[in-house]
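Written below as structure tokens is the structure these notes are about.
Just so you know, all these numbers are worked out from the coordinates, no wet-lab data involved. Keep in mind the model is a prediction, meaning the values are calculated, not measured. Don't worry about glycine lacking a Cβ; one is built from the backbone with ideal geometry, like all the others, and counts go over all protein chains shown.
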């Protein structure tokens, strides 16, 4: 299938989705809680709604970005530490698994009472990103093949120098994969963090709209969250493509 | 012309007096290597079974000598050179390089090694790959030396190219240059040309001769090619099937520099035929001939 046919197939599939969504909303196939797309976009174009959604999206994006940067940094640093000081590796892996196994929904209230509601969204975003970056980095660092390991051994390089000169560059494709997965996790983590009582953000709007049965606002907030996730994912995918092109 | 008859299986191999040269004598560098009753036993994954890979290998290699090691697959050729390089622990016996352990040589960054899969770093350019040993050992890259090696391997125009854009032969040349960049006292070549086609391999043999002649360092070459072994080495060691031992050693009385024309020389052909016959006998193919 060439590029044009692939694009045509995508257009057909997407148009069908839009068409059936619109039809389901107009004909109330799924009840009154399923709005038509036209009604949804009309609501989003309303100046007051648009301002609220934009402001909330910006807050969520800000929380997600801070969480993404912090979670990635901690995940990457701990994985590198585990690779250099191999004695730390199993303990760090267990810690990361424990953090990942604890549901964010359970951590949210704990964070609210410990770090406060202002910081909780960024913290939950960071926790959501941490595991994927940690595992991807650790896996990438262990990916050095025998010939590369021999080169490191033959030139008597220390662990830190080997890490900087060979292991980290070699791990970067996997690290980028981890970061790419982390972008969507960061948006989700930020929204969950906001859900628990942050002053602003899409999570706050979602809770409020759900409790007040503001169907269009609820759907519009969810759509904004999806767009935010998608944009961050594609942004990182574009960076990854350029990065890998330079790397290999 | 005559050549040395195959020697019986030795327990101690004496170094050849000096690399056989014609014209101007080569200035040998490098360090002598001594192996005494070296053995290697691997424990298998079940934790109980073991495999005897190398058995009672003793050998004296002179400073600046070029040794080729041939043998059937699984005879422990790579294991032997990896033990000399300090990359594998020895199970028994002793390996010394000018009186020091292989680890001491590594600590001094006096060892160079090129392998079949070249081990080049995909994200580094040719120049950066050659400079890598400097960076790994915390030294400032000697750009003049790197330039000279780039010229020597004929890749000066490809200095800024990534390995993915190079052919197999070019990658091996880069690997060879990287192995030589710190001017090692011991050079180990573990089937570096094994994956190359016949023409490229012959070209690489000439490149290696040129580089080695520039600074004849103690060199161990593992190869499956008898012709390559005889063309390049001062002595050819034939290993027996597992557990690997040195079955015989053949001195190569051909003058240097050796060229492709050398391969048509009667002495060369007789020596290759003689080693091949013995090699086949070692591998149990004698009756098939």
Distribution output for the stretch B:30-126: share of Cα-Cα pairs per 10 Å bin in percent, first bin at 0, values 13, 42, 32, 12, 1
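Over all directions, what mean area does the Cα convex hull of the stretch B:161-280 project, stated in square nanometres?
8.4
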Each residue of A:154-164 has, on average, a number of other protein chain C-beta atoms within 10 Å of its C-beta equal to 6
Note: the protein assembly as shown, point scatterers on Cα, Debye, no solvent; log10 I/I(0) at q = 0.06, 0.08, 0.11 Å⁻¹ equals -0.47, -0.69, -0.97
Note: A:165-171 gets an average of partner chain Cβ contacts (10 Å, Cβ to Cβ) equal to 3
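So how do A:233, B:193 line up by other beta-carbon neighbours within 10 Å, fewest first?
The fewest-first ordering by Cβ neighbours comes to A:233, B:193.
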Mean-square fluctuation maximum in Gaussian network of chain B, Cα pairs under 10 Å, restricted to B:153, B:69, B:188, hits B:153
Mean projected area, convex hull of alpha-carbon positions in chain B, reported to one decimal in nm², is 16.4
Reduced to Cα centres, the span from the stretch B:224-289 to the stretch B:30-103 in Å works out to 20
For the stretch A:110-248 the mean separation of alpha carbon contacts under 8 Å (6+ apart) over residue count, i.e. relative contact order in percent, is 30
Using alpha-carbon positions, the gyration tensor of the stretch A:1-63 gives root eigenvalues a ≥ b ≥ c; with a/c under 1.5 called rounded, otherwise prolate if a/b exceeds b/c, else oblate, the class is oblate
The distance between the Cα centres of the stretch A:1-78 and the stretch A:185-248, in whole Å, is 9
With N residues in the stretch A:44-247, Rg(alpha-carbon) / (2.2 N^0.38 Å) equals 1.18
When B:210, B:77 are ranked with the fewest other C-beta atoms within 10 Å first, the list becomes B:210, B:77
Output field shielding_mean for B:238-248 (other chain Cβ, 10 Å radius) holds 0
Heads up, the stretch B:78-181 by the C-alpha gyration tensor (a ≥ b ≥ c square roots of eigenvalues; a/c under 1.5 rounded, else a/b over b/c prolate, else oblate) looks prolate
